[in-house]
Amino acid sequence: MKPYNNKAWWLVLPVFVLVAFSAIIPMMTVVNYSVQDIFDPSTRYFVGTEWYREILSDPRLHDSLVRQFIYSFCVLAIEIPLGIIVALSMPRRGLGVPVSLILLALPLLVPWNVVGTIWQIIGREDIGLYGSLLNGLGIDYNYASSPRDAWITVLIMDVWHWTSLVALLCYSGLRSIPDVYYQAARIDRASAWAVFRYIQLPKLKNVLLIAVMLRFMDSFMIYTEPFVLTGGGPGTATTFLSQTLTQMALGQFDLGRAAAFSLIYFLIILLVTWVFYTAMTHNDDKG
Amino acid sequence: MAEIRLAQLAHSYQDNPSAPEDYALRRMEHVWEQGGAYALLGPSGCGKSTLLNIMSGLLAPSEGEVLFDGKAVNALSPQQRNIAQVFQFPVVYDTMTVFDNLAFPLRNQGQPKATVEARVREVAAALEIEPLLTRKARNLTADEKQKVSMGRGLVRDDVAAILFDEPLTVIDPQLKWRLRRKLKEIHQRFNVTMVYVTHDQLEAATFADKIAVMYGGQIVQFGTPRELFETPRHTFVGYFIGSPGMNLLDLEIVAGRAHCHGLELALPEAWHARLAAQEGARLQLGIRPEFVELVPADEATLTGRVDLIQDQGSFKIVDVALTADPAQLIKVRVDEYKSLGEETVGLHLPEAWMRFYANDLLLEISDEAV
């Protein structure tokens, strides 16, 4: 029999170790926490699914889940079309290409908390550029006191920060469409809308899938921006899931509940992403 | 349906072309008559796609005019010119069914539903893609996609012309043959002007009534396949058409007589005079391998040694190195059964098939002069 050379295992070992420490072990720790009631490291009780039942019927979770879904929906509804429009209007050749690429990449380089701080200042009604401008125009705007204004500010922040990502992804997708498709469309007398609908959009599908999933996951986990802006307020207007979770885990040291919460949170993201993916690719093999 | 005239047309991709080499298309006059089936034949980079795109309006020529039935259309878009064009690589609308793909140009024109349905069925039947009509275009093979692309070109019956830009590149040889015949049938049925760009002479000859051979941005000859074969007007045509191409031998004028590798050619006096008058130009004798005859060495003035024999299956191509100049090879086509060794042979060049070129252009002489 031919002797097997098992040296290859040594080469994959680092990856196993890395994945174990970065994902599997922390995850199993959370699973472990979620089925116990922990008072201190030596005083802990097994409670089974009690935390899960409690969390699922917790109105705090329901409220922030609803807020979260509305928020993520708005983020996608604005950023995806806007990103496509920006990408479509970007120059295809010449000096404008590097200039617009750099301009679009700039917001992506700004850290989350800095974005929060920038908008906290820009939105201030006394000295902020937008805040004072809006109030000067007679529009009552104050993110510190109005839940609606705070919510809109957090949304605008995200749009400002991340539309570029969608635009850049779409731009790269558009660039990969050969000229001959546009030529054929002109020959076929296709309208501008038909060119978008039947050439550009289908070719953008793959990048849009990535854009939708990235933006959904990211906006669903938003934490820093509302935290910096108003600390989740006024009231609970901008308290999204991750902040609720942080308050539970670090504010109250309610580890069992928080662990159950984060596993449910994780499963929701996984489920929604899967739904998106399936919905956007299910047509591929038909016909 | 239209006659397409190219008047003083030239195109350069540079901003300020000065030398002739700066032009992708050199100044030309040309007419594609209404209802003809034409091929535009030439090697890669000779400007044939440029010319096609100028005719369809995808590209604006830098000089000259394109006229459809005598009307200048330079300023008109492809939509307004009402041209159909099929590209080298298949272009299909992925998300549509084959039926919708074929119907797309008609629906964009706002044709009534019944007309769309009838035309699509007709074209699908002609291209033998009826079973595919309900399939999504994305899932087709490359051949099928190209048929759909072609179908979109053929589906409108009011077009001025249909232009094909090497449409069968991606299709396998068996199917190529059938599709070319299909195109020819469709041409006869609809009587629409068709211009077919290709670099394959066989493809050009089987499709077209007349072939325009392009070389270096110019149409160097426009004629029937037979004319191109028998009387190439440019040495490039001689070389490019035929397989293998024409033999070209340098001539020199010695004391007013045309000589080839030191031997005086046996020609009528008028030809010697005609060639001598061109002294100073690069003079060449061209003869097709098909017309060179092998004779016993002692019966011929021009002799050579068999250098290489390529068996092509139904015939052989023999390279003969001239005794006078072994670097000069002459290709001869001989019958398959003829056995040849590495021997010295005589070559007979029939006068009727000799063509003479001065600086690559055909020299002619009227019959009376001979």
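The values are calculated or read from the model by the stated rules, or taken from the named source; none is laboratory data. Quick caveat, the model's predicted, so the values are computed rather than measured. So basically every Cβ, Gly included, is an ideal-geometry build from the backbone, and we count neighbours across all protein chains shown.
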query: Being more than 26 Å from B:Glu33 (Cβ to Cβ), modelled with pLDDT of 90 or more, hydroxyl-bearing (Ser, Thr, Tyr) and surrounded by 21 or more Cβ atoms within 10 Å (Cβ to Cβ), is that true of even one residue in the stretch B:93-102?
result: yes
task: Just one of (1) of a type in the set (Ser, Thr, Tyr); (2) part of a helix (DSSP H, G or I); (3) in contact (Cβ under 8 Å) with a residue 24 or more places away in the chain trips up A:Ser100, so point out which.
output: (3)
- prompt: Between a first residue in the stretch B:77-92 that is more than 7 Å from chain A (Cβ to nearest Cβ) and assigned to a strand (DSSP E or B) and a second residue that is of a type in the set (A, V, I, L, M, F, W, C) and buried (at least 20 other Cβ atoms within 10 Å of the Cβ), which pairs have beta carbons less than 8 Å apart while being 6 or more apart in sequence or on different chains?
  reply: B:Val86/B:Met150; B:Val86/B:Ile162; B:Val86/B:Leu163; B:Val86/B:Phe164
- line: Residue pairs qualifying under the 9 Å Cβ cut-off, at least six apart or on distinct chains, with the first in the stretch B:14-33 being of a type in the set (Lys, Arg) and the second being part of a loop (DSSP other than H, G, I, E, B) and surrounded by 11 or more Cβ atoms within 10 Å (Cβ to Cβ), are B:Arg26/B:Gly47; B:Arg26/B:Gly216; B:Arg26/B:Gly217
Single condition B:Leu202 does not satisfy, out of (1) surrounded by fewer than 19 Cβ atoms within 10 Å (Cβ to Cβ); (2) touching a residue at least 12 places away in the same chain (Cβ under 8 Å); (3) out of contact with any Lys or Arg (no Cβ under 7 Å at 6 or more places or on another chain): (2)
message: I need a count of the residues in the stretch B:52-76 that are more than 14 Å from every other protein chain (Cβ to nearest Cβ) and buried (at least 20 other Cβ atoms within 10 Å of the Cβ).
response: 4
task: Determine if the stretch B:28-39 includes at least one residue that is of a type in the set (D, E, K, R), in a strand (DSSP E or B) and more than 14 Å from chain A (Cβ to nearest Cβ).
output: yes
- line: Taking the stretch B:30-45 and keeping only residues that are modelled with pLDDT of 85 or more and of a type outside the set (A, V, I, L, M), one is left with B:His30, B:Trp32, B:Glu33, B:Gln34, B:Gly35, B:Gly36, B:Tyr38, B:Gly42, B:Pro43
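For the condition farther than 26 Å from A:Thr281 by Cβ, modelled with pLDDT of 85 or more and out of contact with any Phe, Trp or Tyr (no Cβ under 7 Å at 6 or more places or on another chain), what is the one hit in A:Val207, A:Val166, A:Val154?
A:Val154
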query: Mind checking which residues of the stretch A:237-287 are within 26 Å of A:Val35 (Cα to Cα) and within 14 Å of another protein chain (Cβ to nearest Cβ)?
result: none
query: Among helices (runs of 4 or more DSSP H) lying entirely in the stretch B:93-204, which contain 2 or more residues that are more than 30 Å from B:Phe229 (Cβ to Cβ) and within 14 Å of chain A (Cβ to nearest Cβ)?
result: B:98-108, B:113-126, B:142-154
- prompt: Restricting attention to the stretch A:229-248, and to residues there that are within 23 Å of A:Pro41 (Cβ to Cβ) and surrounded by 18 or more Cβ atoms within 10 Å (Cβ to Cβ), which single residue is modelled with the lowest pLDDT?
  reply: A:Met248
- request: Being crowded, with 20+ Cβ neighbours inside 10 Å and touching a Leu at 6+ places or on another chain (Cβ under 9 Å) is the filter here, so list the residues in the stretch B:275-293 that pass it.
  value: B:Leu275, B:Leu283, B:Gln284, B:Leu285, B:Gly286, B:Ile287, B:Val292
message: Being more than 15 Å from B:Leu349 (Cβ to Cβ), part of a loop (DSSP other than H, G, I, E, B) and of a type outside the set (Ser, Thr, Tyr) is the filter here; which residues of the stretch B:305-331 pass it?
response: B:Gln312, B:Gly313, B:Asp325, B:Pro326, B:Ala327
Subset of the stretch B:100-144 [within 18 Å of B:Ile171 (Cβ to Cβ) and among the acidic types (Asp, Glu)]: B:Glu128, B:Asp143, B:Glu144
- prompt: Just for the stretch B:263-277: of the residues that are more than 33 Å from the chain's Cα centre (by Cα) and of a type in the set (D, E, K, R), which one is farthest from B:Leu322 (Cα to Cα)?
  reply: B:Glu269
